[in-house]
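Below: one structure in structure tokens.
Quick note: the coordinates plus some simple rules give every number you see, no bench work behind them. Remember, predicted model here, so these are calculated numbers, not experimental data. A quick note on method: Cβ atoms are made from the backbone with ideal geometry, for glycine too, and the neighbour counts reach across all protein chains shown.
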Amino acid sequence: QKEVEQNSGPLSVPEGAIASLNCTYSDRGSQSFFWYRQYSGKSPELIMFIYSNGDKEDGRFTAQLNKASQYVSLLIRDSQPSDSATYLCAVMGAAGNKLTFGGGTRVLVKP
Amino acid sequence: GAGVSQSPSNKVTEKGKDVELRCDPISGHTALYWYRQSLGQGLEFLIYFQGNSAPDKSGLPSDRFSAERTGGSVSTLTIQRTQQEDSAVYLCASSSYRATNEKLFFGSGTQLSVL
């Protein structure tokens, strides 16, 4: 079992719709959870982090964390073509050092 | 500089040769990571440095890979006797590590091609 798992996609959504991305992790003691966005040929950039159970909203993005189910998700509301990218889930382990990434979900927003 | 700097940006080498990849983190950042990303794949953790602590080398794929960080700043990733499967983008990232939710700042990466 991979430490951090994501559906590779592509997840195709029409412009204006909600894109829903999921991530599961294996280390039950994990502390912090991150979503990075990576455009093709570019380096990842942080868009959200969450460390408490529940929802965290930032603009059009909402991160959701359920530690009991070892599940973290990202919702993108009012999806725009500029949101087309690969979204990487990353998990900080129990020891608070190594940041482990999932394989990423490719999102395509169609006008 | 203002960001994480990596050099070279591209490296083409022949199978069996050694290569060195360099990373200059953001000044003052104590945490430094190396990741590898193959085409269309996620980031594979290689090694992590935090201050003066012993590095976490658990992600290094073989003993051909090694890394050091001199003076708590610049880091060099060395791959000996390169193989074609080593071809990938090697990304370096740094953070200030004031808390476990510290943001990582990534460099632009080194595209390594082993012929």
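Could you work out how far apart the two model spin labels at residue B:2 and residue A:17 are, taking each label as a point 7 Å from the Cα in the direction of the beta carbon, and quote it in nm?
3.8 nm
Also: Divide, for the stretch A:1-66, the radius of gyration over alpha carbons by 2.2 N^0.38 Å, where N is the residue count.
1.21
Another question about this same structure. Would you grab the residues whose amide H sits under 5 Å from the one on residue A:48? Only those 5+ places off in sequence or on another chain, please, with H modelled 1.01 Å from N.
Residues meeting the criterion, in which the H sits 1.01 Å from N, are A:35.
Please arrange B:34, A:35 by counting, for each residue, the other beta carbons lying within 10 Å of its beta carbon, fewest first.
Fewest to most other Cβ atoms nearby, the residues stand as A:35, B:34.
Computed from the mean reciprocal separation of all distinct C-alpha pairs, what Kirkwood hydrodynamic radius does chain A have, in Å?
Evaluated over chain A, this radius sits at 13.9 Å.
Taking Rh as the Kirkwood radius computed over C-alpha pairs, what is the Stokes-Einstein D of the stretch A:53-111 at 25 °C in a medium of viscosity 0.890 mPa s, expressed in µm² per second?
Approximately 188 µm²/s, per Stokes-Einstein.
Please give, to one decimal in nm, the separation of the simple spin-label points placed at residue A:26 and residue B:85, each 7 Å out from Cα toward the Cβ.
1.9 nm
If neighbour count is taken as other Cβ atoms inside 10 Å, put B:115, B:39 in order from fewest to most.
Arranged by neighbour count, lowest to highest, B:115, B:39 become B:39, B:115.
Could I ask something else about it? What does the structure give for A:32-41 when I average, per residue, the other chain Cβ atoms found within 10 Å of the residue Cβ?
Averaged over the peptide's residues, the number is 2.
Taking Cα pairs under 8 Å and at least six residues apart, what relative contact order does chain B come out at, in percent?
38 percent
Provide the convex hull volume over Cα atoms per residue for the protein assembly as shown, in Å³.
126 Å³
Give, to the nearest whole percent, the P(r) tail of the stretch B:2-55 beyond 17 angstrom, counting all Cα pairs.
Roughly 53 percent, rounded to a whole number.
How do A:101, A:33, B:45 rank when sorted from fewest to most other Cβ atoms within 10 Å of their own Cβ?
Fewest-to-most ranking of A:101, A:33, B:45: B:45, A:101, A:33.
Counting only the backbone N, which residues of the stretch B:1-43 are under 19 Å from the spot 7 Å out from the Cα of residue B:52 toward its beta-carbon?
Output list for this probe position: B:28-32.
Right, something else. On average, how many beta carbons from a partner chain sit within 10 Å of the beta carbon of a residue in B:36-42?
5
Now for a separate question. Taking the alpha-carbon set of chain B, what are its Rg and Dmax in Å?
13.5, 42
Per-residue Cβ counts within 10 Å, from other chains only, averaged over A:100-109: what number is that?
The per-residue average across the peptide is 3.
Got a sec to turn the phi values of the stretch A:48-63 into Karplus ³J(HN,Hα) couplings, 6.51 cos²θ - 1.76 cosθ + 1.60 with θ = phi - 60°, whole Hz, x for Gly and Pro?
Each residue of the stretch A:48-63 in turn: 8, 9, 8, 9, 10, 4, x, 10, 9, 10, 8, x, 7, 9, 10, 9 Hz.
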